[in-house]
Structure formats: structure tokens, C-alpha cells
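First the structure, in the form of C-alpha cells, and then the observations on it.
Coordinate-derived values only; no laboratory data. Here the structure is a predicted model, which means the values were calculated and not measured. Here the Cβ positions follow ideal geometry from the backbone for every residue, glycine too, while neighbour counts run over all protein chains shown.
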Amino acid sequence: MAEEQKKERKSLGLLVPNIKKENPKSYDLKGTLKLPEELGGKNIRVGCYKALASGEGKMAKDEPYYWVHRLEELEVNSDNTTFDPASLET
């Protein structure tokens, strides 16, 4: 049964913590998600900032969470060509 559950799991992308930020304005969590085909099948860039709960809502005071700041479609090179830096004019 465990193998059947494993087969059902499908990766929809990866969000990675940005631990060594060079710029304090950089996202704390970022990555790319692939929407399922029934939702359009597009690749979406995600950027999140880390915050601490105020304790006035459902979360305990100072409990960390991430709020989504950026959701935009990732443009993918659709003509299947590779980038050749040597081809650029100087």
C-alpha cells in the first residue's frame, strides 16, 4: 500500500528557503510551482516573506509563517533553442 501512495504523489514544484540573503529585500522563500493540467499546466514563480504572528488570530504570538508576495507566470523558452553567450555582439 505504501508504494501505491508513493506513485500517487506528484511533485508540483519546489519552494526553497533563502537562508543566506545578500539583500534584506530578497524573498525568504522562493521557487517555481507547476500547476496541474486541470488548472492550466503553467509554471508559476513564487516569492514569500517570513513574518511572525501577532497572536491576535489563530496562530500563537511570534509563530513564524510565510506570506506570498509574488505569483507570476514563468516564461519558458518555447522554441527549444539553447542560449549561446558567444553569439552576443560585444
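Structural remarks
- Cα-based Lys proximity count in region 26-74, under 27 Å, for pairs eight or more positions apart or on separate chains: 9
- Segments 21-27, 48-54 sorted - mean Cβ within 10 Å per residue, highest first: 48-54, 21-27
- Anisotropy class of region 26-75 from Cα gyration tensor, a/c 1.5 cut: prolate
- Net charge over other residues, Cβ less than 14 angstrom from the Cβ of CYS48 (K, R count +1; D, E count -1): +4
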